[in-house]
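A short worksheet on the structure shown next.
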Amino acid sequence: MAEFKLEGLDEFQEKLRLIEKRAPDRILYKLDDAGKELRKQARANTPKITGNLRKGYKLLPVEKIAGGYQKGMTNKAPHFHLVEKGHRKVTPGGREIGWTPGKFYLEQTVKEMEEPITEDLREWMDELFQELN
């Protein structure tokens, strides 16, 4: 699973606590929006061969975890992990004949989107913190 990391964790947690106390629903909405944008980009970065990989991206509910929140995304296509990470090629008899490298569609999307999403969340938190403070 890919992760976003934010610098200045103490300040971030202070703002998050205030927002969570005064407007918890806004956190859920914002993380849902960020998740939708990530899913949209992942779909755009995944080539359409049959469409099953593109359609397979599903967002998970926002979860409260120690020190913050997380929004997960998965892909329900049964072969996604093989395409994403790569896999062995074997003959029908089970003899290994090579390796198919991974395409890393989701991993590349997360890398591309990490900075824009992090910056958007920072700006949103700063604005909301000022509004609520």
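The values are calculated or read from the model by the stated rules, or taken from the named source; none is laboratory data. Remember, it's a predicted structure, so these values are computed and weren't measured experimentally. Neighbour counts are summed over all protein chains in view; Cβ atoms, including those assigned to glycine, are modelled from backbone coordinates with ideal geometry. These area figures cover heavy atoms from the full protein model, side chains too; ligands, DNA and RNA do not enter into them. Shrake-Rupley method; radii C 1.70, N 1.55, O 1.52, S 1.80 Å.
Taking into account only those residues within segment 65-112 that are among the β-branched types (Val, Ile, Thr) and under 30 Å from Arg26 (Cα atoms), which is most open to solvent (accessible area, probe 1.4 Å)?
Among those residues, the one meeting the criterion is Ile65.
Answer with yes or no whether Gly98 is in contact with a Gly (Cβ under 6 Å, 6 or more places away or on another chain) and at pLDDT 95 or above.
When the stated conditions are applied, Gly98 does not pass them.
Can you tell me which residues in segment 53-85 are over 19 Å from Ile19 (Cβ atoms) and of a type in the set (Val, Ile, Thr)?
Result: Thr74, Val83.
Suppose we keep only residues that are of a type in the set (A, V, I, L, M, F, W, C) and either touching a helix residue (DSSP H, G or I) at 6+ places or on another chain (Cβ under 8 Å) or at pLDDT below 95 (or both) within segment 62-89. Which one would you say is farthest from Gly51 (Cα to Cα)?
The extreme case among them is Ala66.
If you take the residues in segment 43-59 that are hydrophobic (A, V, I, L, M, F, W, C) and open to solvent by 60 Å² or more (accessible area, probe 1.4 Å), which one is nearest to Pro24 (Cα to Cα)?
Ala44
May I ask you to list the residues in segment 113-133 that are surrounded by 15 or more Cβ atoms within 10 Å (Cβ to Cβ) and under 13 Å from Lys30 (Cβ atoms)?
Once the filter is applied, which keeps residues that are surrounded by 15 or more Cβ atoms within 10 Å (Cβ to Cβ) and under 13 Å from Lys30 (Cβ atoms), segment 113-133 yields Ile117, Thr118, Asp120, Leu121, Arg122, Trp124, Met125, Leu128, Phe129.
Does any residue in segment 36-48 that is within 12 Å of Tyr105 (Cβ to Cβ) come within less than 6 Å, Cβ to Cβ, of a residue that is open to solvent by 70 Å² or more (accessible area, probe 1.4 Å) six or more places away or on a different chain, and which pairs are these?
Filtered contacts from segment 36-48: Arg43/Arg54; Thr46/Arg54; Lys48/Arg54.
Report every pair of residues separated by at least 6 positions or lying on different chains whose Cβ atoms are under 8 Å apart, first residue within segment 77-92 and free of Cβ contacts under 8 Å to residues at least 60 places away in the same chain, second open to solvent by 70 Å² or more (accessible area, probe 1.4 Å) and of a type in the set (A, V, I, L, M).
Lys89/Ile97; Val90/Ile97; Thr91/Ile97
Please verify whether Val62 is β-branched (Val, Ile, Thr), open to solvent by less than 60 Å² (accessible area, probe 1.4 Å) and in contact with a strand residue (DSSP E or B) (Cβ under 6 Å, 6 or more places away or on another chain), treating the condition exactly as stated.
Spelling it out, Val62 is indeed β-branched (Val, Ile, Thr), open to solvent by less than 60 Å² (accessible area, probe 1.4 Å) and in contact with a strand residue (DSSP E or B) (Cβ under 6 Å, 6 or more places away or on another chain).
Is it the case that some residue within segment 28-47 is at pLDDT below 90 and among the charged types (D, E, K, R)?
Looking through segment 28-47, none of the residues is at pLDDT below 90 and among the charged types (D, E, K, R).
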